1. Name the pairs: first residue in region 173-195 and closer than 27 Å to residue 89 by Cβ, second residue in a helix (DSSP H, G or I), Cβ to Cβ under 6 Å, at least 6 apart or on different chains?
2. Specify which of the listed residues (165, 173) is within 26 Å of the chain's Cα centre (by Cα), among the hydrophobic types (A, V, I, L, M, F, W, C) and farther than 30 Å from residue 63 by Cα.
3. Tell me which residues, restricted to region 141-161, are among the small types (Gly, Ala, Ser) and free of Cβ contacts under 8 Å to residues at least 60 places away in the same chain.
4. Go through region 130-166 and count every residue that is hydrophobic (A, V, I, L, M, F, W, C) and at pLDDT below 90.
5. Within region 88-112, track down each residue that is at positive phi and either among the polar types (S, T, N, Q) or surrounded by fewer than 17 Cβ atoms within 10 Å (Cβ to Cβ) (or both).
6. With (1) without any contact (Cβ under 8 Å) to a residue 24 or more places away in the chain; (2) over 12 Å from residue 153 (Cβ atoms); (3) aliphatic (A, V, I, L, M) as the list, and residue 72 as the residue in question, which single condition is left unmet?
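The values are calculated or read from the model by the stated rules, or taken from the named source; none is laboratory data. Predicted model, so just to flag it, every value in this text is computed and none were measured. Positions of Cβ are generated from backbone atoms using ideal geometry, with glycine treated the same way; all protein chains shown enter the neighbour counts.
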Amino acid sequence: MKIGQNDPVLEYFLFNLKLCCICLAYSMSEGDSVGDSVHGKPSVVYRFFTRLGQIYQSWLDKSTPYTAVRWVVTLGLSFVYMIRVYLLQGWYIVTYALGIYHLNLFIAFLSPKVDPSLMEDSDDGPSLPTKQNEEFRPFIRRLPEFKFWHAATKGVLVATACTFFEAFNVPVFWPILVMYFLMLFCITMKRQIKHMIKYRYIPFTHGKRTYKGKEDVGKTFAS
């Protein structure tokens, strides 16, 4: 049986389809107000994690000026992790991944935010000073120190958490991983040092250099 254009069954089906589409569009546009009227306020779980995130961010803000203390804590956590891996005699692939991750963070910490090689043919944007008498420009890192510390600390904590799961203990010949990491470290640092020498920049800024101007030996005449 062929359904025609004026078939009442087809018209009834199309009418119900349009009605469902209208109801769905209305519910999506009014979802927020309906949710507020039904639930009244956010759930307990949502409020708990929101409050936890606020406390965490507050502690991060308070720890910003204490650079030495932050890095001492991170080195202590790294030492505890290495002791745990040594005692367990496993999770070497996790340690290798952690080392590669820290190496990438360190390279980003040493690299300028604007790559000088991309600015050679362009006069737009800031560039690194190449002469002593040029205007002072502080070194702007691609990865700031605080973000570097935060990411490195989270990496150590995640690696430590992985040591509690046997699924991450992949059997591997660890001297090979050590050799690979040392080779990668040497190659990466050699390329970074060549980049620093070529574009004449040092990834550390100790403060603005001041220059003594000419002394004013002229006489002042009173009017």
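1. Matching pairs, first to second residue: 174/92; 177/92; 177/96; 181/99.
2. 165
3. Scanning region 141-161 gives 151, 155, 161.
4. Number of matching residues: 3.
5. Correct list: 89 only.
6. For residue 72, the exception is condition (2).
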